[in-house]
Amino acid sequence: SPESSFGSVSSHQFTVFSENQPTTYYYHATEEISAAKEHFLTSLKNLKASYRAVPVHSPGAFDWLLYYKPADERTGLLAIDRSVADGSQAPKTRDAKFREELERRRHEYTVYEPYHVYTATWNVNGQTSETIELPEWLATTDSPPDIYAVGFQEIEWTPEKILMNETKIDRTWVDKVMSGLHKGAIYTELASVRLVGMMLTVAVKSTIYPKINDCLTAAVGTGTLKWGNKGGVGVSFKLNEALFCFVNTHLAAHTQEVERRNDDHDDIIRRMSFDNGFRMRSIDEHHHIFWIGDLNYRLDGPEVSQEYVNRKDRDYNQLYQHDQLYVEKRRNRIFRDYKEGKILFPPTYKYNPGTDEWDSSEKSRTPAWCDRILWKGQRIEMLRYNSVMQLRKSDHKPVYADFKVDAQAKDQAKLKKVSEEVLKTVDKYENDNQPQITVEQTDLDFGLIRFNEKYSRELLVANNCHLPVRFRFACKDDRNSQVCEDFIHISHSKGELLTGNSLSIRIDILVNAPAASKMLRKLKDAQAGSKVPLDILVLHVENGRDIFITIFGEYKPSCFGVSLDTLMKLNKPVSMYAIHELVSLDHEEKLIDLVGDDVGGSNLRFPREIWRLVDNLRKMGLQTPQLFTLDRKLGQSDAANLLEIRDWLDSWSTNDFPGTPHTTAEALLMMLEALPEPVVTISERECIIASDNFERCKELLRTKLKSVNRILFLYICLFLQDFWNANKSIRIDTIAGLFGRILIRSQLPTKPEFSNSIYAYSEGERDQRRRFMMTLLNNNVREFARQEMSTL
């Protein structure tokens, strides 16, 4: 505690009031602080004097704020969102963050434009508008108001209108209103709304009409059975950035019905809403609210009488203490947060129509301020609040009040500047709160790629951000479910990396039999020695940006994957062709080179590469057991030998054939399944019909196959028959099943797997192809082949 020489604790405190909320600050009483205390207090008094010297509504009232910015704007927005970092929520979208930041800085581009608002209410007691002129009521200001809101009660207030819940606008009253407005401006009717005897018309200067949008109306009945003999009507609209609401009500009558009036008030607030088809706005969801009408609250007390009101020494302030609206509002039961101007005019009810005299009927009603105008909202200043005694058609006197309203608007130049700054803020937010991974390189060059050889590259991905990262390789588009080409394999298609961790992803390329023809088609325009993009991988980061990884390589053509027609047009080894040259051969008609094999005196003509494989099998493999098996398993040394066979075929080598019986058999199968089109293309139905009938099989082959396909197919069948005859230990159904699956296809495969055995037929389809092959192998194919050769 401070020493006594410095005074008590209370002498070292001060209180700051902000929005009427006091905050007390204490400071330690040291010699230095105590010496400066008087200077500190003097500075505070000077600030207070300066504040009082500048009018609140003057343009310079808040200029000093221009030298200050909120703390987060001075130091820069903290880019890292902790709720994102700890995983409790996902990063905000770019649009959401932009809107949030723009709203947070709204004060920087918001300006307030002054508008003159004129409100008026009159209970016309069922009178018609024919002989009534309204300028005395509506044109009372020196300068023309910007906005008018004129409310009526008890227009055409008949039982029929009540039962019909009349909502049709009475144009005669609207026309009277429009002709009674200030003559110093041109006005446009913005909206009119009616419910039985209540009607509200809002008119605006034609010059501000274009600034208004989202104008809506609403009506609520609170009378018996919720009919519209009592209730309210409202108009809502948006002027620039400010929402205005005008409500005209007629509440329950009679002095003793205070609770019913309160209930009507609550019912209107609860039920009145303005629906634009997307959302509903309540009364309280507006910036500036004006509530007018015959609220029917009375003067209630023994001192209140017509005689007292007529006395010259009457005191309206004293009379106002007995006003039911004032009493109920003070009890916080109605019109919470609403304000009303000081009443300096006589009670507006009840007069003998046509006079300024109080009710002289048998009931002799006590005078009351039934007709009232209240408002709610910020930056509203009431200018005048009065009644018009000259209009005597009704038992009520009309009331009006006009206001100065500072309505929110956007300074477009400031908005543009703030928007540009917010965009930079959002960019920083995205960068700092978006999961990110780094890759060592986005271009992977595989160099020279050859058929049936596997190539690998490592892709190092690392998480260097403060967030955990989930990633996956994404599909190219909605129509393609593959993340990469068939000849590419990714070791980790998805994963998760914690901060500071990294992962090496192996990417393999293997152009096997199923992928060979596709590779040739993909690179059909590639020149020899050129490296072209083979694929683009999309590495998708959850809630982050995608990373695109391009796979490059140069493919060396092989006879595996080349069509039958192209193979038969070669005049030099495949290894001497560029890919585009092989593709161009498809369009040539002349068969440049044909290879023959004499079988039974006939001349078979088909590609030399297939003939050389079959010829070597005849020489060394007819009696080899397990030459053709369904699983087609080979060892590591066999894989290397297959590459030697590939090179021997691609170069038209004259050296000794390098293959073994098993690798030669596998090379033949690979050659056949690598063909871009199957040797035999028939439908499932055709296969079923012909599968058990040799004559039908022959007819199908004659009519459905081109000559080169037919001769090749028969040549293979002849070889298989010879193989079976030379090796009785083999099962003919195994051979038929294996070759039927490869030679006979109903259509090209749509999604081959990363393996040699690609055509995933159903069990029924495989059985039909096997039976088709067995029918041929169990009959005299040799004679059929001679007949076909004789027609060439």
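One residue alone among LEU459, LEU391 is more than 30 Å from ALA640 (Cα to Cα) and either assigned to a helix (DSSP H, G or I) or among the hydrophobic types (A, V, I, L, M, F, W, C) (or both), and that residue is LEU391. Candidates in segment 620-634 are the residues that are within 54 Å of the chain's Cα centre (by Cα) and not acidic (Asp, Glu); of these, the one that is farthest from ALA736 (Cα to Cα) is LEU634.
For segment 265-281, does any single residue satisfy the condition of being within 25 Å of GLU241 (Cα to Cα), in contact (Cβ under 8 Å) with a residue 60 or more places away in the chain, among the hydrophobic types (A, V, I, L, M, F, W, C) and in contact with a Phe, Trp or Tyr (Cβ under 8 Å, 6 or more places away or on another chain)? So far as segment 265-281 goes, no, none of its residues is within 25 Å of GLU241 (Cα to Cα), in contact (Cβ under 8 Å) with a residue 60 or more places away in the chain, among the hydrophobic types (A, V, I, L, M, F, W, C) and in contact with a Phe, Trp or Tyr (Cβ under 8 Å, 6 or more places away or on another chain). As a summary of the residue check, LYS312 satisfies the conditions (1) surrounded by fewer than 16 Cβ atoms within 10 Å (Cβ to Cβ); (2) modelled with pLDDT of 95 or more; (3) part of a loop (DSSP other than H, G, I, E, B) except for the one numbered (2). Applying the criterion of being touching a helix residue (DSSP H, G or I) at 6+ places or on another chain (Cβ under 6 Å) and of a type in the set (S, T, N, Q) to the residues of segment 521-574, the residue that is nearest to SER456 (Cα to Cα) is SER558.
When ILE688, ILE711, ILE716, ILE682 are checked against the criterion of being under 57 Å from the mean Cα position of the chain (by Cα) and under 30 Å from VAL583 (Cβ atoms), a single residue qualifies: ILE682. The sole residue among PHE473, PHE451, PHE548 that is assigned to a loop (DSSP other than H, G, I, E, B), of a type in the set (A, V, I, L, M, F, W, C) and either in contact (Cβ under 8 Å) with a residue 24 or more places away in the chain or crowded, with 16+ Cβ neighbours inside 10 Å (or both) is PHE451. Kindly evaluate SER653 against the criterion of being at pLDDT below 90, of a type in the set (Gly, Ala, Ser) and assigned by TED's automatic domain parsing to the domain that holds LEU622. When the stated conditions are applied, SER653 does not pass them. Summed over segment 118-136, residues that are surrounded by fewer than 23 Cβ atoms within 10 Å (Cβ to Cβ), under 15 Å from THR201 (Cβ atoms) and modelled with pLDDT of 95 or more total 1. State all residues of segment 162-197 that are closer than 26 Å to PRO210 by Cα and in a strand (DSSP E or B); if no residue qualifies, say none. Of everything in segment 162-197, those that are closer than 26 Å to PRO210 by Cα and in a strand (DSSP E or B) turn out to be TYR187, THR188, GLU189, LEU190, ALA191, SER192, VAL193, ARG194. Taken over segment 609-644, residues that are of a type in the set (A, V, I, L, M, F, W, C) and not in a helix (DSSP H, G or I) amount to 5. Got at least one residue in segment 575-583 being over 30 Å from ILE610 (Cα atoms), modelled with pLDDT of 90 or more and exposed (fewer than 15 other Cβ atoms within 10 Å of the Cβ)? Within segment 575-583, none of the residues are over 30 Å from ILE610 (Cα atoms), modelled with pLDDT of 90 or more and exposed (fewer than 15 other Cβ atoms within 10 Å of the Cβ). Filtered by the rule that a residue be of a type in the set (Val, Ile, Thr) and either over 25 Å from the mean Cα position of the chain (by Cα) or surrounded by fewer than 13 Cβ atoms within 10 Å (Cβ to Cβ) (or both), segment 534-545 gives a lone residue, ILE536.
Here GLY740 fulfils each of the conditions (1) more than 19 Å from ARG632 (Cβ to Cβ); (2) touching a Lys or Arg at 6+ places or on another chain (Cβ under 6 Å) apart from (1).
Considering only residues in segment 677-696 that are modelled with pLDDT of 90 or more and in a helix (DSSP H, G or I), the one that is surrounded by the fewest Cβ atoms within 10 Å (Cβ to Cβ) turns out to be GLU695. Among the residues of segment 356-383, none is identified as without any contact (Cβ under 8 Å) to a residue 60 or more places away in the chain, over 50 Å from the mean Cα position of the chain (by Cα) and under 30 Å from ALA407 (Cβ atoms).
ASN463 meets the conditions (1) surrounded by fewer than 17 Cβ atoms within 10 Å (Cβ to Cβ); (2) free of Cβ contacts under 8 Å to residues at least 40 places away in the same chain in every case but one. The failed one is (1). The C-beta contact set for segment 653-671 (first residue in a loop (DSSP other than H, G, I, E, B), second residue among the basic types (Lys, Arg), distance under 9 angstrom, 6+ apart or interchain) comprises PHE657/ARG612; PHE657/LYS619.
Picking from residues in segment 230-257 that are charged (D, E, K, R) and closer than 21 Å to ALA407 by Cα, the one that is surrounded by the fewest Cβ atoms within 10 Å (Cβ to Cβ) is GLU241.
The values are calculated or read from the model by the stated rules, or taken from the named source; none is laboratory data. Predicted, not measured: the structure shown is a model, and the values here were computed from it. Glycine gets a Cβ as well: all are built from the backbone with ideal geometry, and neighbour counts include every protein chain shown.
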